[in-house]
Each structure stands twice: as C-alpha cells, then as structure tokens.
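Colleague: Below: one structure in structure tokens.
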Amino acid sequence: MSTVLSALLFAIIPLLWLSLPALVPHNSPLGVSVPVAHRDDPVVGVGWRRFHTTNAVVAVVLAAVVVVCGLVLPEHQAVVVLSVLVMVQVLSLVPIWWWAGQVIRREKAKKNWFEDARVEVAGSLTPGTPANAMPRVPVPWPLYVGAYAVTALTALVLWLRWDAIPASIPDPDGTAGAVVAKSVSTVFGPVFFTLGLVTVLLLAAVVVAFNPGRFRTATSPSARLRAGLLFEALQQDLGWVTVCYSLGLSALTLSVMPPFADATNAVTFVGMALLLAPIAAMLAHMVRVARSVPVNPDDADGRNQDEFYRLGLFYVNKNDPAMFVDRRAGVGLDINWGNPRGVLLALGFFVAVVVLISLPAFFW
C-alpha cells in the first residue's frame with residue numbers, strides 16, 4: 001500500500017500544471033510571445049496538449065519505476081529512489097515547457113505573426129510608473145497571526161505534556177518504523193520547521209504586497225481587472241495555505257504523544273490532507289477567478305521578447321534596468337536574470353528560506 005501511495009505522488013504535478021492554461025498570460029502561451037490575432041490559433045492548443053501529454057507520460061513512467069523499486073528493494077533504498085525521481089519529475093517540467101512551446105515558435109516564425117501586429121509600449125520600461133502600476137494588495141495579517149498561534153499552541157501542548165511523550169518517538173526524518181530518543185531537538189524540531197515555513201510564506205506575501213503586478217506594455221481594462229483580481233486571490237489563498245500548513249504540520253508533530261500516538265495513521269492522514277489539499281484548492285480558486293473575467297479580443301499586443309527568454313521561462317536582458325518583469329508561467333513577477341541586483345535578490349531570498357527553515361534546529 002505504501003508503494004502505491006508513493007507512486008500516486010507523481011500524479012500531483014501533472015494535475016497542478018493542468019491549471020496553467022487559465023493562469024498563463026494570454027499573450028505568452030508556453031512562454032512564447034503571441035499577438036492578439038493569433039492568440040486562439042490551433043497551434044497554441046497543439047502546444048498545450050503536447051505539454052500535458054508529455055507530463056502525464058513522465059508521471060506514469062516514474063510511478064511504474066517506483067512501484068518496481070518498492071517491490072524489489074529494501075524500504076530505505078526505495079525511499080531514496082522516490083526522492084530522486086520526484087526531483088527528476090520537477091526538473092523535467094522546464095525542458096518539457098520549452099519543447100512544447102517550440103511548435104508555436106516554429107509556426108510564428110514561419111508565418112511572421114508579428115509583421116502586422118499593433119504593439120503599444122508603456123511610457124517606461126521600468127515597472128512602477130503610473131502608466132503600468134497596479135494597486136497594492138495588502139497582506140492578510142490575521143491569517144498569518146493565526147498560523148503563528150497554531151504553531152505556538154502546538155509547542156505549548158508538547159511542553160505541558162512532556163512527561164507523557166514516550167522515551168522513543170518516530171523519526172520524522174527516517175523511514176517508516178524508525179525511532180529516535182526523545183529530546184528537545186527531536187520533539188520540537190518540527191515546530192521550528194513550521195515556524196520557519198510560516199515566516200517564509202509571510203515574506204512571500206509581503207513581497208506580493210509591495211511588488212504588485214506591473215504591466216510593461218499597454219493593456220485593456222479587462223486585462224488589468226483580471227490581473228488585479230488574480231493578485232487579490234493569490235494573496236488571500238497564500239494566507240489560507242499557510243494556516244492549513246501550520247495545522248497539518250501541527251497534527252503530524254502531535255502524533256508523537258498520547259492520545260494521538262494511539263491513532264497515528266489517522267493523524268498522519270489528516271496532516272497530509274491539510275498539506276496537499278490547500279494547493280489543489282488554491283489552484284482551483286485561481287482558475288475560477290481567471291475565467292471569471294474574459295480578456296477582450298482587442299487587447300494591445302506586447303512586444304515580441306522571445307529573444308530575452310531562456311527556455312521560455314527565464315528573462316535575461318542586461319540592457320533592461322527593471323529587476324522584475326511580467327511572469328510568463330503563472331501569476332506575479334519574474335526576476336530579470338540579466339540584472340545583477342535581481343540575481344542578488346533571488347540568492348538572498350533563497351538563503352533566507354534555508355536559514356529560516358533549518359537554523360532554529362541547530363540551537364537545540
């Protein structure tokens with residue numbers, strides 16, 4: 001059963017990426033600049049079908065490998081294989097995204113789609129000018145305060161019931177059945193991890209609040225309305241996901257003590273559900289919001305910027321002073337990897353994530 005459940009993990013990513021067509025900007029399907037006149041061209045649908053079909057095939061192949069490994073390898077080796085293949089699946093999304101978009105790029109170049117396109121550029125290439133700035137979306141502070149409160153309450157319960165916790169508890173970093181000695185580090189380690197994760201998500205919400213969506217080209221009122229609603233939904237959903245994550249991780253943390261230890265499977269199931277279900281619910285909500293405001297067909301065309309995008313995802317333009325640009329895969333902003341300040345910001349955020357999640361455990 002555990003092998004089958006592990007194999008089902010590979011179905012999550014293709015299911016999540018099924019929502020992309022509704023969230024990706026209309027003028028850049030699969031990371032390809034497309035003018036309004038060709039936004040609904042059949043080749044765009046061909047590209048998306050290629051993307052989803054390939055993701056599904058990769059998921060089935062990797063799941064089959066995991067099932068075979070689970071049957072013939074010891075459990076600890078099978079877990080290592082599972083971890084490696086999950087990373088392979090995540091990394092495979094980038095070349096699949098680029099390869100699926102190639103069919104659109106070839107058709108665009110063959111028929112010279114931008115020859116008669118009406119391109120309207122905003123007054124400045126730097127985001128934040130009155131011509132392209134979007135309203136700020138505030139941080140939903142009560143949700144993050146609630147997440148911190150849940151984590152603090154979990155720590156309080158563990159402290160008050162310390163004597164009731166068995167001398168040996170399940171190893172949170174080990175395989176099924178592995179145990180470790182009770183200590184402050186092993187018992188409260190998941191609490192510190194949760195605090196770090198909540199803080200990272202809060203920082204992401206602050207970034208969204210202080211760096212709202214900014215168009216770099218002229219857009220219609222419907223496109224601006226749609227983007228604004230998506231940013232509002234993203235901010236609220238991020239807050240609710242944080243609350244659910246704190247609840248899920250708290251459920252898993254409390255499973256080491258009675259009476260929760262007597263129902264480990266049920267607590268684990270509830271905890272995992274609170275960790276996985278919010279992502280699916282968030283994407284479903286974002287898709288519903290995106291489809292609630294159709295973009296008018298007379299939108300202004302953006303510039304053909306394919307030359308500045310590597311693999312259709314990463315914007316690299318040393319001559320562009322902007323640190324952020326419109327995202328081509330999802331909602332929000334992407335970093336200009338040709339701007340040294342943007343690269344330093346990305347590296348700084350990555351270091352902050354690692355430190356906030358892992359550093360507290362070293363003090364215990």
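Colleague: Rounded to the nearest 10 Å², what accessible area does S255 show when all protein chains are kept and the probe is 1.4 Å?
Modeller: The value for S255 is about 20 Å².
Colleague: Tell me, in nm to one decimal, what length is gained between V72 and I165 on full extension, where the rule is 0.36 nm per residue of separation less the Cα-Cα distance?
Modeller: Gain on extension, V72 to I165, equals 29.9 nm.
Colleague: Also, I was wondering about something else. Quick one: length gained pulling D40 to K111 fully straight, 0.36 nm per residue minus the C-alpha distance?
Modeller: Using 0.36 nm per residue and subtracting the Cα-Cα distance, I get 24.1 nm.
Colleague: Taking amide H atoms as placed 1.01 Å from N in the peptide plane, list the residues 5 or more away in sequence, or in a different chain, whose amide H sits under 5 Å from that of N336.
Modeller: Sorted by chain and number, the residues that satisfy this are F324, V325.
Colleague: Moving on. Pop a pseudo-label 7 angstrom from the Cα along the beta-carbon direction at both S83 and A277 and give the gap in nm to one decimal.
Modeller: Taking the two extended label points, one gets 2.9 nm.
Colleague: What ³J(HN,Hα) values, in whole Hz, does the Karplus curve 6.51 cos²θ - 1.76 cosθ + 1.60 give for segment 249-256 when θ = phi - 60°, with x put for Gly and Pro?
Modeller: Ordered by residue, 3J(HN,Hα) equals 5, 5, 4, 5, 5, 6, 5, 7 Hz.
The values are calculated or read from the model by the stated rules, or taken from the named source; none is laboratory data. It should be emphasised that the depicted structure is a prediction, and the values quoted were computed from it without experimental measurement. For neighbour counting, all protein chains shown are included, and Cβ atoms are generated from backbone atoms with ideal geometry for every residue, glycine included. Side chains included, ligands, DNA and RNA excluded: accessible areas come from the protein's heavy atoms. Shrake-Rupley method; radii C 1.70, N 1.55, O 1.52, S 1.80 Å.
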